[in-house]
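For reference, the structure discussed in these notes is given below.
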Amino acid sequence: MSNPAATTSRTVHGTCHHDCPDSCGWQVTVEARADGAAPVAVQMRGDAAHPYSQGELCPKVNRFLDRVYSPDRVLHPLRRVGAKGEGRFEQITWAEALDEIATRFHGIIAEHGAEAIMPYVSAGNQSLLAIMFGDRFWHHLGASRVVGALCGAVAGAGSATTNGTGKGIDPSDLVHSKLIILWGTNTRLTNRHLWPFIDQARAAGAQEIDIDPLRTITSDSADWFLQPLPGTDVALMLAMMHVLIRDGLVDHEWVAAHTVGFDDLAAHVAEWTPARAAATTGLAIDDIERLAVLYGTIRPAAIRTLIGAEHHEHGAMFFRTLTCLPALVGAWRDQGGGYARSVGVWSNEVVDVDALTRPDLLAGRTTRGLEMVHLGRVLTGDEQALAGGPPVKAAFMIAVNAMVSVPNTELVRRGLLRDDLFTVVNDQFLTDTARYADIVLPATTQIEATDVVTSWGHLYLGWNEAAIAPLGEAVSNSELHRRLAVAMGFTEPALLDDDLTVLRAALPTIDLEQLRADGVVKVPYPADGRPFANGGFPTPSGKVELRCDLLEALGQPALPSYAEPAEAALATRYPYALMTPKQHTRFLNSSYSHLPKHGPLEGSPFVELHATDAATLGLAEGQCARVWNDRGELQVPVRISERVRPGVVSIPWGWWAGQHAGGAGGGDGAPGPVANSLTNDTLTDWGGGVAFWDTRVSVAPA
Ligand SMILES: Nc1nc2c(c(=O)[nH]1)N[C@H]1C(S)=C(S)[C@@H](COP(=O)(O)OP(=O)(O)OC[C@H]3O[C@@H](n4cnc5c(=O)[nH]c(N)nc54)[C@H](O)[C@@H]3O)O[C@H]1N2
Ligand SMILES: Nc1nc2c(c(=O)[nH]1)N[C@H]1C(S)=C(S)[C@@H](COP(=O)(O)OP(=O)(O)OC[C@H]3O[C@@H](n4cnc5c(=O)[nH]c(N)nc54)[C@H](O)[C@@H]3O)O[C@H]1N2
Ligand code: SF4
Ligand SMILES: [Mo]
C-alpha cells in the first residue's frame, strides 16, 4: 500500500513489547512523505535475523499497524463528562490534564498523605523504560507500592523455595531433550515460537507429554495427554516421587551430592500411592505409574511450564513441588534436562533494576505495599487490604485493563465507581477500565517509542527503535512520568532523565550502540547449557531443598504437600470448577478483542461444557446459559465440548464486556460483566499471586 506522495522508505528494527515469552524481533518499513507530512509505517514483518523468532510474528501482531492506526486510538487527553463507566469524555489539553492531576494529587497528599495515591502498572508493555522508569516518580512522590502480581510472581517464588532461584534452563535447549513434559502451559498458543524447537526434538525421537486440565491445541499435538482435575497436580507429583523411589529410579548419587531432605521426603511420599493420587486427580492409576516410569528412565528429561498453573490458591506449592522432580532423577546433569520456565531471571542479571527505578528516591521512607491482585478489596476500603494505611483516593492505571484482567471484577467496579476516587488511566484505547477514569491519557504504541525489551522466553535482549513519531498527542510511559514530575513541581533530576541516559544506567554491561546496531544481544548463560549440573543452588543450604525449613517459618509445610483450596468448600452450592483460559489465537490477554480483525474473527464469548453436564443441566449447543456465584453472573451461549472434563466448565478469557451478547449491561451504558466477574481473588499460598482458577460456579439455562 505504498503512497504516491511517498519519497523514500527505510526499515526500522523493533521488538515486540507484549507480555508474551517470545519477544519477537520485527522490521517496520517507514515511508517519508513528499508533502512534508509525518512519515508513515506502511509494513511490519518479523525480523528473519532474530535468532529465536526467526521472522515469524503471530496472529495477534501480524496486523499491528491496524492497531497503531486504528480510528479507535485515544490520541488526546480526555476528561470524563458522563457518569463513571458511561464512556462520555471531552478532549482537553495536556496542560489541563496535568494541572488537574497535580492539583488533585497535592490535595490528596495534604489531606491523607502520599500513600493515598496508588500507581497500578501491569505488563501491557514489558519494555524496560515502559514498565519501570515510572517507579522513580512514584518513589519520589512516596505513593503506595503495588506488590505481588497477576502473573509470574508465584511461579518464581515457588521454584525459589526449592532451588533458591527461579532460574531454569534455556527453553531452546529442549532441542536436546528426549522427554518433554509441557506441564500447565499451552505452548502452541502462548509461546508459539518455542514449538519449532520441540518439533525438532520430536523429529530426533523425543516424546512430548502434555498435562493440563483443559484439552488445548497443544494437547492435540502431544504424544500423550493427561487431563487431571484443576489444582490437583501436586498429588500427581507426589505419587510420581513415590514411584520413582519405590522403583529405584532415583539418581541417588546426584541427590546425595546436591539435595537436602531426601529421607524426609521419601517417608512423606510413602503414603502417596498412585491409587491415592488417582482419587485426587481423576487420572488412571496406570497412567500415573507410566508417567513416573517414563520420567525416571528417559534422558534428557525436561519439564516446561509457564504461568497457568500458578493461578491457584496453592500455586506456589505447585512450582515448589514440581522443581523437586528434576533433582530426584538428576535431570540437571544433561543439556536439555531439568526445568524450563521463565528465563527472565537470566536477563535480569544484566539489568540494574535499582539504577532504573531508583529506590533511593524513597529517601528512607518505607511506603505501604498493596497487593496487586486485591485491587477490588483495596478500592472498596477493605481494612486488611489497605494494610493499615489511608484509603486509596487516587488510582493511576498504566498499561492494564483491570476491568477485564483482574479477578473479582465486580468488586473492582464497585471501587472504581466511588465518587471520591480520582482515577487516571493511561492506555492506547478507551478500554472498559478507561471508561471509569476521570482523566484518560493517550499512550504510544511500540513503534512510536524507543526502548529495550528483556525476554522471559529466550536469552536475547531486543532493541526497539521508534519507527514513527507518536500519533496525535500520545506519549511514551517514560515521557508521561517526566511530564507528571514537572507538573508536580518536582526538581529531582533523576525524574527527568532522557530515555538513553536511563537505558545506559539500567544496562551497565551492555553496549547500547552495538545493541542498537545489531537489534539483539544474548545475555550470559552457561556455554554447556547445564546451569545446575554440578549443583550451585543459591538456597540457604546451597542445595536443592527437598525439605525447605524457610517455608515452615512462612507457615507452610516444609515438605511438598497437597491441599484443597478454600473454594472447594463451596462445591455443594457451586458444583462446577470454572476455568477462564487464554485460548483465542488472535488475542493477547485483554488486548485485541476490540479490534475488527481480531474479536469478530474469534466469534464471541461462550462457555464450554461437557456433554454429560449439558445433558444434566438441560442445556443444548448454542443455548444461553447463566453462570454465577457469589461474586457475579454472566450469560453466555453454550458450546458442548470434549475439551473439558465433566464437572469443569471453561469461559475463554480476553473479551471486553461490550463483546458479550447484550453488550454494555452495566447500567448507565457502563460495561457489563466479563469472565473475571466470577473469578476468585484469594491470594496464593505465597508469592503474591491469585487463585483465578480455583473458582466454583453454578450453571443453568438462562
Ligand atoms: N496467544 C496468546 N499468547 C499469550 C497470551 C495470550 O493471551 N494469548 N498471554 C501471555 C501471558 S501474559 C502469559 S502469562 C503466558 C501464559 O502462558 P501459559 O502459562 O502457557 O498459558 P495459560 O493459558 O495462562 O495457562 C496454561 C495452561 O495452564 C492450565 N492450567 C490451569 N490450571 C492448571 C492446573 O491446575 N494444572 C495444570 N497442569 N495446568 C493448569 C490451563 O488450562 C492452560 O491451558 O502467555 C502469554 N502468551
Ligand atoms: N481470567 C483470567 N484472567 C487473567 C488471566 C487468565 O488467564 N485468565 N491472565 C492473567 C495474566 S497472566 C496477565 S499477565 C494479566 C494481563 O492483563 P493486562 O495487563 O490488563 O493485559 P494486556 O492486554 O497485556 O495489557 C493491558 C493494556 O496495556 C495497554 N498498553 C500496551 N502498551 C502500552 C504502553 O506502552 N503504554 C500504556 N500506557 N499502555 C499500553 C494495552 O492497550 C492494554 O489495554 O491478566 C491476568 N488475568
Ligand atoms: S505477541 Fe508474542 S508471539 Fe506475537 S509478536 Fe509479540 S512476542 Fe511474538
Ligand atoms: Mo501473564
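Two tests apply to each whole DSSP H helix in the chain, Cα reach of 20 Å or more along its axis and mean Kyte-Doolittle hydropathy of at least -1.0, and the ones passing both are 94-112.
Grab the Cα-Cα distance for D247 and H106, subtract it from 0.36 nm times how many residues apart they are, and report the gain in nm with one decimal.
Stretched out fully, the D247 to H106 stretch lengthens by 44.0 nm.
So for the chain, averaging the separation of alpha carbon pairs under 8 Å that are six or more residues apart and normalising by length, what relative contact order in percent results? Kindly include the intermediate steps, with their values, before the conclusion.
Details: 1670 pairs, mean separation 142.2, N = 702.
The value is 20 percent.
Just the Cα atoms of the stretch 570-702, one point each, no solvent: what log10 I(q)/I(0) does Debye give at q = 0.12, 0.15, 0.21 Å⁻¹? With one equal scatterer per Cα and no solvent, log10 I(q)/I(0) is -0.45, -0.72, -1.33.
The H on the amide N of R33, modeled in the peptide plane, is under 5 Å from the matching H of T7, each at least 5 residues off or on a different chain. Among A41, V28, Q54, flag the residue with its Cα farthest along the positive direction of the charge dipole of the stretch 6-68, charges on Cβ as +1 for Lys/Arg and -1 for Asp/Glu. Comparing the listed Cα positions along the dipole, A41 ranks first.
Considering only protein heavy atoms, with the full assembly of protein chains and a 1.4 angstrom probe, order S127, S9 by accessible area, largest first.
Correct descending sequence by accessible area is S9, S127.
So which lysines pass the test for K178, namely a Cα distance under 30 Å, with those fewer than 8 places away in the same chain ruled out? Candidates past the 8-residue exclusion: K167, K522, K543, K582. Packing-based ranking of 155-163, 244-252 yields 155-163, 244-252, ordered from highest to lowest mean Cβ neighbour count within 10 Å. For the chain, the share of accessible area belonging to carbon and sulfur comes to 51 percent (1.4 Å probe, ligands and nucleic acids excluded). For the stretch 247-388, the dipole from Cβ point charges (+1 on Lys and Arg, -1 on Asp and Glu) about the Cα centre works out to 340 debye, to the nearest 20. The accessible area of I285, taken with all protein chains in place and a 1.4 Å probe, comes to roughly 80 Å². In order along the stretch 68-80, the phi-based Karplus estimate (6.51 cos²θ - 1.76 cosθ + 1.60, θ = phi - 60°) of 3J(HN,Hα) comes to 4, 9, 4, x, 8, 4, 7, 10, 9, x, 10, 10, 5 Hz; Gly and Pro are listed as x. Descending by average beta-carbon neighbour count within 10 Å, the peptides 188-200, 305-317, 64-76 line up as 305-317, 188-200, 64-76, the highest first. Rounded to the nearest 20 debye, the dipole size of the stretch 6-68 about its Cα centre is 120 debye, using +1 on the Cβ of Lys and Arg and -1 on the Cβ of Asp and Glu. Based on the convex hull around the alpha carbon atoms, the stretch 153-345 presents an average projected area of 9.6 nm². Figure legend: label point modelled 7 angstrom from the Cα of L550 along Cα→Cβ; residues of the stretch 156-183 with amide N under 14 Å from it are 156-167.
Would you mind working out the magnitude of the charge dipole of the chain relative to its Cα centre, with +1 at each Lys and Arg C-beta and -1 at each Asp and Glu C-beta, to the nearest 20 Debye? Provide the component values of the computation, followed by the final result.
On the way: 55 positive and 79 negative charges, 158 e Å.
Dipole about the Cα centre, nearest 20: 760 debye.
Computed over the Cα atoms of the stretch 148-245, the ratio of the radius of gyration to the Kirkwood radius (Rg/Rh) comes to 0.97.
In plain terms, the chain from K597 to A563 could stretch by 7.9 nm, reckoned as 0.36 nm per residue minus the Cα-Cα distance.
Spin-label model, N534 to T491: label points 7 Å out along the Cα-to-beta-carbon direction sit 5.6 nm apart.
The C-alpha atoms of the chain occupy a region whose extents along the principal axes are 74, 59, 56 Å, arranged from largest to smallest. One decimal place: the segment T11-L512 gains 178.4 nm when fully extended, by the rule 0.36 nm per residue minus the C-alpha distance. Would you mind pulling out the separation of the Cα centroids of the stretch 348-423 and the stretch 545-586, in Å? Taking the Cα centre of each part, the stretch 348-423 and the stretch 545-586 sit 24 Å apart.
Within the straight-line cut-off of under 26 Å between alpha carbons, the lysines reachable from K393 are K84, sequence neighbours fewer than 8 places apart in one chain being disregarded. Bridging of K597 to aspartates and glutamates at a Cα separation below 17 Å is possible for D66, D72, once same-chain residues fewer than 8 apart are set aside. Since only P493, S698, A563 are under comparison, the one whose Cα sits farthest along the positive direction of the charge dipole of the chain, derived from C-beta charges on Lys, Arg, Asp and Glu, is S698.
To the nearest 10, the accessible area of L78 is 30 Å² with a 1.4 Å probe. In terms of its alpha-carbon gyration tensor, the stretch 504-638 comes out oblate; a/c meets the 1.5 threshold, while b/c is at least as large as a/b.
The values are calculated or read from the model by the stated rules, or taken from the named source; none is laboratory data. Owing to the predicted nature of the structure, the values given are computational and were not obtained by experimental measurement. Don't worry about glycine lacking a Cβ; one is built from the backbone with ideal geometry, like all the others, and counts go over all protein chains shown. Note: accessible area is taken over every heavy atom of the protein model, side chains too, but ligands, DNA and RNA are not part of it. Shrake-Rupley method; radii C 1.70, N 1.55, O 1.52, S 1.80 Å.
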